[in-house]
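Have a look at the structure below, then the notes.
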Amino acid sequence: MRPAEPPDVHGHCAPGFEPLRGALSDILAAGSEVGAALAVYVDKHAVVDLWGGYEDAAKTRPWTADTIVNLYSIGKAVTAVCALRLVDAGALDLDAPVSRYWPEFAQAGKAQLPVRFLLTHQAGLPAVAPALPAGAVLQWDAMTEALAAQAPWWRPGERHGYHVNTQGFLLGEVIRRISGKTPGTYLRDEIAGPAGIDFFIGFGPELDGRCADLVPPPPSPEADELTRQLSADPASLSGLALMRVNAYRNPPEMSGMGIVNTRRWRAAEVPSTNGHGNARAVARFYSALAGDGELDGVQILAPEIIAKAIGEQVYADDVVLQRPTRFGLGFQLTQAERRLGPNPRAFGHFGAGGSLGFADPDARLAFGYAMNQGRAGWQHKHVRHLIDLVYASL
């Protein structure tokens, strides 16, 4: 019996980067992904732009150069950049109370909670305690009103815990109050449209034909354990246990559960969770942040704001994820437990399943990885192998 042909991987690699093509082919051949794309920029020039596999579980729709996919928490850093642009413009003060811009937020003892804590996951608002109805995650006002009324789960600033699904609503409402635009509209008008970045927070049916379906991850001990934790009856829980469950499942479709491939999910703005794009878009976005903050004549962020944003704000055990996490202002920073390459100033953001975008200002490098299945857990060994190959190719 003849061995199976390796999966086709399309696109280009600059000289020296060809091992990335074989690595992506191996990932697809092993079944580690259904469809995936990889892009790397050095000094704002594309040195890798590859894609392969399929957009659907049935493997009937090949992944194309322009396929977009839900990239989950990659959208957190994109939303943070929208907020940091307002800091850059002098319209937002990170040390001012959130309530200066969003008066209703002063409820439940939050009158003095600073904007900075929304970016560093120190605000104590990763979940809403009262049960929210089905569909609430798709209703901007329902989510922001619930968060305005919510008391912090811990004293703001004393701990940090990943605001899995809420950070985008919190930052997004501040963006909306200042700019008059929802975060998806602000992103489109101020960054993505002018700079030609193929990334969207909420979009119409005209893009559905380009959109890959998300495929459920295969069974694994990590996935089984998360399911076990989240299957607890909220009525039986209190304190941090209730917070962790509600961070993922209140309202019921939080994280896109059960609706992630639907038109209504794609149309909504859920900035922490439902940003859609591709590896090329993510790498182009970070290529500006790896350099002087400019991309094709558009100033994404001023260099001094980037420098502030990638300074360490917290590095300790995360009370939601229950493992060490390290954050700057809206960015995950490279850390010993999950390195973004060998250099100490690398920063970016993972998405659920292993999607990733990061910038390395020391190497002037930007990396984007997108896929539609991924794996449970947080180590994503095959993604880290790709990172190692990138640096070996420099």
- Message: Within segment 251-263, does at least one residue satisfy the condition of being assigned to a helix (DSSP H, G or I) and either at pLDDT 95 or above or touching a strand residue (DSSP E or B) at 6+ places or on another chain (Cβ under 7 Å) (or both)?
- Response: yes
- Message: When the residues of segment 143-177 are narrowed to those that are basic (Lys, Arg) and part of a helix (DSSP H, G or I), which ends up nearest to residue 270 (Cα to Cα)?
- Response: 176
- Task: Being surrounded by fewer than 21 Cβ atoms within 10 Å (Cβ to Cβ) and in contact (Cβ under 8 Å) with a residue 40 or more places away in the chain is the filter; apply it to segment 192-202 and report the residue that is nearest to residue 271 (Cα to Cα).
- Result: 198
- Query: farther than 21 Å from residue 302 by Cα, part of a helix (DSSP H, G or I) and modelled with pLDDT of 95 or more: does that describe residue 86?
  - Reply: no
- Options 127, 111: the member that is within 28 Å of residue 309 (Cα to Cα) and touching a Ser or Thr at 6+ places or on another chain (Cβ under 6 Å): 111
- Query: Restricting attention to segment 49-66, does a residue exist that is farther than 28 Å from residue 172 by Cβ, surrounded by fewer than 22 Cβ atoms within 10 Å (Cβ to Cβ), touching a Phe, Trp or Tyr at 6+ places or on another chain (Cβ under 8 Å) and among the β-branched types (Val, Ile, Thr)?
  - Reply: yes
- Message: So residue 280 passes all but one of these: (1) over 25 Å from residue 28 (Cα atoms); (2) at pLDDT 95 or above. Which condition number does it fail?
- Response: (1)
- Scan of segment 13-46 for residues that are part of a strand (DSSP E or B) and either modelled with pLDDT under 95 or over 22 Å from residue 211 (Cα atoms) (or both), ordered by number: 13, 41, 42, 45, 46
- Query: Applying the selection to segment 196-226, what residues are aliphatic (A, V, I, L, M) and in contact with a Leu (Cβ under 9 Å, 6 or more places away or on another chain)?
  - Reply: 197, 201
- Query: Name the pairs: first residue in segment 327-344 and at positive phi, second residue in a strand (DSSP E or B), Cβ to Cβ under 7 Å, at least 6 apart or on different chains?
  - Reply: 341/360
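The values are calculated or read from the model by the stated rules, or taken from the named source; none is laboratory data. Here the structure is a predicted model, which is why all the values come from computation and not from measurement. Here the Cβ is made from the backbone with ideal geometry for all residues, glycine too, and neighbour counts use every protein chain on show.
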